[in-house]
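Engineer: The structure that follows is given in the form of structure tokens.
The values are calculated or read from the model by the stated rules, or taken from the named source; none is laboratory data. Since we're looking at a predicted model, the values are computed, not measured. Cβ coordinates were reconstructed from backbone atoms using ideal geometry, including for glycine residues, and neighbour counts include every protein chain displayed.
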Amino acid sequence: MQSRYAALAGVLLALLTPAASAAWPERPIRLIVPFAPGGNVDLSARAITPGMAELLGRNLIIDNRSGAGGAVGSEIVATAQSDGYTLLFSSTGSLTIAPAVSSKLRYDPVRDFAAISLVSNVPVIMLVPLTSPAKTVKDFIVHARSRGELIMGSSGNFATGRLAGELFQGITGTRFTHVPYKGGAPAMIDLIGGRIDVMFDQISSAIGHVKSGKVRALAVNAGSRSPEVPEVPTMREAGVAGVEAGTFTAMLAPAKTPRSIVTRLNGDLNKVLATPLAQQTFARYSAEIIATTPEASQSYIKAEIEKWRKVVKAANIREE
């Protein structure tokens, strides 16, 4: 008798589960952005939500939960129900750099999230002042080795640009003294003034200064040239491989979210990213669209954590 009831329960569960999945979404979806409104991550999220809402038939409500470098909002999603109604739209800092630097995080980007898709990437660009004798990356390496040690500025100790510079040093055998600034703007002012020797900055922040001729761009830390500055070579083209770096964005769900929901979100997101409107919008942010599968996204995030963890260890970067 007991086995009969168990079999009946199994049949009922099989009948009910597809119906529940097919009904999703039945209400608006909360998309948590763990940074303040108006920043690159927030603007990127707002670029895709109208199209996603149209395809899903439900609103995606952006909920900005900033704090602790993205950790506050990330923790909310990591502990949310895995029902597809709470999602995360985050970036490099909280997904790959923070785990590589901090031992105090209360979430694990690989264990606690199901990646839906990577969305965009803003590559880092290597910059020197106009007074620098280096016209190419090879020139710069020769100059750096002859000087012994140069000064590198960045927007902060754990900024992507700082870590890109540490990665460059490890591969090329050059040595920099790192000077962290309270943001990219004051660092750029000192680079323009020749008070620091090199800076690795997001192309979105640096492009105006490059185009106006205030600083010299030596290479883009990306797999392909930027349409913003097509004359600037990639690092690989300049003779240095393995130093790709940038600020990516991604959409994720809590771990154990049903596969059908993740697949649906991935497909709809990729449709939105393929539209001319999305491509034009991200181009305005100097961002490259990098839509991927959930599996490729998860693998990318895991690989990036390991990459930065090695850089942090080699550079002896300590959490504050």
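Engineer: Would you point out which residue out of Val128, Val179 is outside the structural domain of Ser297 (by TED's automatic domain parsing), touching a Gly at 6+ places or on another chain (Cβ under 6 Å) and either over 26 Å from Pro230 (Cβ atoms) or not small (Gly, Ala, Ser) (or both)? Give the derivation first.
Structural biologist: Numbers: Val128 fails: touching a Gly at 6+ places or on another chain (Cβ under 6 Å).
None of the others qualify; the one that does is Val179.
Engineer: For residues that are assigned to a loop (DSSP other than H, G, I, E, B) and not aliphatic (A, V, I, L, M), tally how many sit in region 215-267.
Structural biologist: Narrowing region 215-267 to residues assigned to a loop (DSSP other than H, G, I, E, B): 222-233, 235-245, 255-258.
Still in the list and also not aliphatic (A, V, I, L, M): 223-228, 230-231, 233, 236-237, 239, 242, 244, 256-258.
Summing the residues that are assigned to a loop (DSSP other than H, G, I, E, B) and not aliphatic (A, V, I, L, M) in region 215-267 gives 17.
Engineer: Sticking with this one: Can you tell which of Ala278, Ala241 is out of contact with any Pro (no Cβ under 8 Å at 6 or more places or on another chain), small (Gly, Ala, Ser) and assigned by TED's automatic domain parsing to the domain that holds Glu54? Don't jump to the end; show me each part of the working.
Structural biologist: Details: Ala241 fails: assigned by TED's automatic domain parsing to the domain that holds Glu54.
Only one candidate passes the filter, namely Ala278.
Engineer: Could you tell me which of the residues Gly223, Gly194, Gly183 is more than 22 Å from the chain's Cα centre (by Cα) and surrounded by fewer than 21 Cβ atoms within 10 Å (Cβ to Cβ)? First the steps, then the outcome.
Structural biologist: Details: Gly223 fails: more than 22 Å from the chain's Cα centre (by Cα); Gly183 fails: more than 22 Å from the chain's Cα centre (by Cα).
Gly194 is the lone residue from the list that is more than 22 Å from the chain's Cα centre (by Cα) and surrounded by fewer than 21 Cβ atoms within 10 Å (Cβ to Cβ).
Engineer: Glu26 - would you say it is assigned to a helix (DSSP H, G or I) and at pLDDT 95 or above?
Structural biologist: Numbers: assigned to a helix (DSSP H, G or I): no; at pLDDT 95 or above: yes.
Spelling it out, it is not the case that Glu26 is assigned to a helix (DSSP H, G or I) and at pLDDT 95 or above.
Engineer: Would you check which residues across region 272-294 are in contact (Cβ under 8 Å) with a residue 24 or more places away in the chain, farther than 17 Å from Phe89 by Cβ and assigned to a helix (DSSP H, G or I) and list them?
Structural biologist: Leu277, Ala283
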